[in-house]
1. Being under 29 Å from the mean Cα position of the chain (by Cα), closer than 24 Å to Cys121 by Cα and among the polar types (S, T, N, Q): is that true of Thr20 here?
2. Out of the residues in region 214-231 meeting the condition of being part of a helix (DSSP H, G or I) and in contact with a Gly (Cβ under 8 Å, 6 or more places away or on another chain), tell me which one is surrounded by the fewest Cβ atoms within 10 Å (Cβ to Cβ).
3. Considering every residue within region 232-254, establish whether at least one is modelled with pLDDT under 80, surrounded by fewer than 16 Cβ atoms within 10 Å (Cβ to Cβ) and in contact with a Lys or Arg (Cβ under 7 Å, 6 or more places away or on another chain).
4. Scan region 214-254 residue by residue and report those that are over 18 Å from Arg171 (Cβ atoms) and free of Cβ contacts under 8 Å to residues at least 12 places away in the same chain.
5. Taking region 63-89, which residues are within 14 Å of Ile39 (Cβ to Cβ) and out of contact with any Lys or Arg (no Cβ under 8 Å at 6 or more places or on another chain)?
6. Answer yes or no: is there a residue in region 157-165 that is in contact with a Gly (Cβ under 6 Å, 6 or more places away or on another chain) and polar (S, T, N, Q).
7. For the subset of region 69-108 comprising residues that are surrounded by fewer than 15 Cβ atoms within 10 Å (Cβ to Cβ), hydroxyl-bearing (Ser, Thr, Tyr) and modelled with pLDDT of 90 or more, which member is nearest to Phe3 (Cα to Cα)?
8. Give the residue, chosen from Glu259, Glu264, Glu277, that is acidic (Asp, Glu), in a loop (DSSP other than H, G, I, E, B) and more than 17 Å from Ala186 (Cα to Cα).
Amino acid sequence: MIFPGLKKLRNQLGFKDNGTICYGFVKNSFFSFADGRNIKLLCIRTPEVLDDEDKEKIKTWEKKGYASQVSFSENPSRYVEITFPEKFWPFKVSKIKEVIEDIANYIANKYPNSEVKCSYCDNAASSDVKVRVYEMNGEPMPLCEACASQIQKGLNEEKENLDRQPDNYLRGAATGAIFSIPGILASVFFFALGKIAGVTGLVYYALALKGYSWAKGKLDKTGIVIVSIISLVFSILGTYVGYAIDIARQLADNPDFCEDSFIERFSVSFDIMEIPEVHTELNKNLAVTLIVCGICIAVQMYNIWRALPTSKVKKLD
């Protein structure tokens, strides 16, 4: 998602966007920018390898307090990332525009006859090598047609290799469930401490993923769904069982139940959980556990889906 500030900057610079990243050329450098988590990120591809003088010039925006970090790629150093911090309010896009125009003018004046090169083969635009903007994994980048075609071929082969892998969904699901069982001990531990056991949502997801991966379950989109379902089921089961065990433990100090076996106290604990006050506390723990587990699932889905082979290198202009 592109927020209003960057949309305004996009329009001012005459840039385009792919829904999440704005991109375009200023003079003979390629720029892209996007909103992040409490930051705005500006990426620059320069037409020539940056020397120490160039880097020092660009780093001045960090020294001026505009940027929180300026980093350069290595071998060759043609790629720059500038991070603008956002804490209590959005970073002013007028300052980002100032940075873009200053760097673009500096590079154009120092390297007036150079053009942005392909991000892969390092060739510049010419009558023989046409560099265009393509999208790969959601990121716009300058590529020549030959590299775009070669990358597409590699992605197709990678996807075919992934499709040929045995899925092992059933074995992965069973092993993921078995690995998740010890997570109940974490729920029991936190309840014994009198704490909300929400962090166990992370534990259940990690255990389910570990078990599924150990069984060589195919970690594609279906595999992610399987791991997610296992972790959610055990988050619910573990919270109920962990809470019941904690109640059974406390009943051992009650004169009415102290002579009962643990199994008998454990059975009674489920009836006690129906008491409104106890049920409310249980639901609070359950909600927090599911929220934590849900966050883990969302983050992992995003990371894994991004890592999956893309099916197409898309030309943007």
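The values are calculated or read from the model by the stated rules, or taken from the named source; none is laboratory data. Just so you know, these numbers come straight off a predicted model, no measurement behind them. We place every Cβ from the backbone using ideal geometry, glycine too, and count neighbours over all the protein chains shown.
1. Details: under 29 Å from the mean Cα position of the chain (by Cα): yes; closer than 24 Å to Cys121 by Cα: no; among the polar types (S, T, N, Q): yes.
Against the criterion (under 29 Å from the mean Cα position of the chain (by Cα), closer than 24 Å to Cys121 by Cα and among the polar types (S, T, N, Q)), Thr20 does not qualify.
2. Residues of region 214-231 that are part of a helix (DSSP H, G or I), as a first pass: 214, 221-231.
If we keep only those that are in contact with a Gly (Cβ under 8 Å, 6 or more places away or on another chain) too, we end up with 223, 226-227, 230-231.
On the way: Gly223: 21, Ile226: 23, Val227: 29, Ile230: 26, Ser231: 30.
Restricting to residues being part of a helix (DSSP H, G or I) and in contact with a Gly (Cβ under 8 Å, 6 or more places away or on another chain), the top hit is Gly223.
3. Checking region 232-254: at least one residue is modelled with pLDDT under 80, surrounded by fewer than 16 Cβ atoms within 10 Å (Cβ to Cβ) and in contact with a Lys or Arg (Cβ under 7 Å, 6 or more places away or on another chain).
4. Gln250, Asp253, Asn254
5. Here is the first cut: in region 63-89, the ones within 14 Å of Ile39 (Cβ to Cβ) are 66-71, 81-89.
Passing the criteria: Ala67, Ser68, Gln69, Ser71, Glu81, Ile82, Pro85, Lys87, Phe88, Trp89.
6. Taking region 157-165 and keeping what is in contact with a Gly (Cβ under 6 Å, 6 or more places away or on another chain), we get none.
Within region 157-165 (the criterion being in contact with a Gly (Cβ under 6 Å, 6 or more places away or on another chain) and polar (S, T, N, Q)), the answer is no, since none of the residues qualifies.
7. Step by step, filter region 69-108, then rank; the result is Ser94.
8. Details: Glu264 fails: in a loop (DSSP other than H, G, I, E, B); Glu277 fails: in a loop (DSSP other than H, G, I, E, B).
Being acidic (Asp, Glu), in a loop (DSSP other than H, G, I, E, B) and more than 17 Å from Ala186 (Cα to Cα) holds for just one of Glu259, Glu264, Glu277, which is Glu259.
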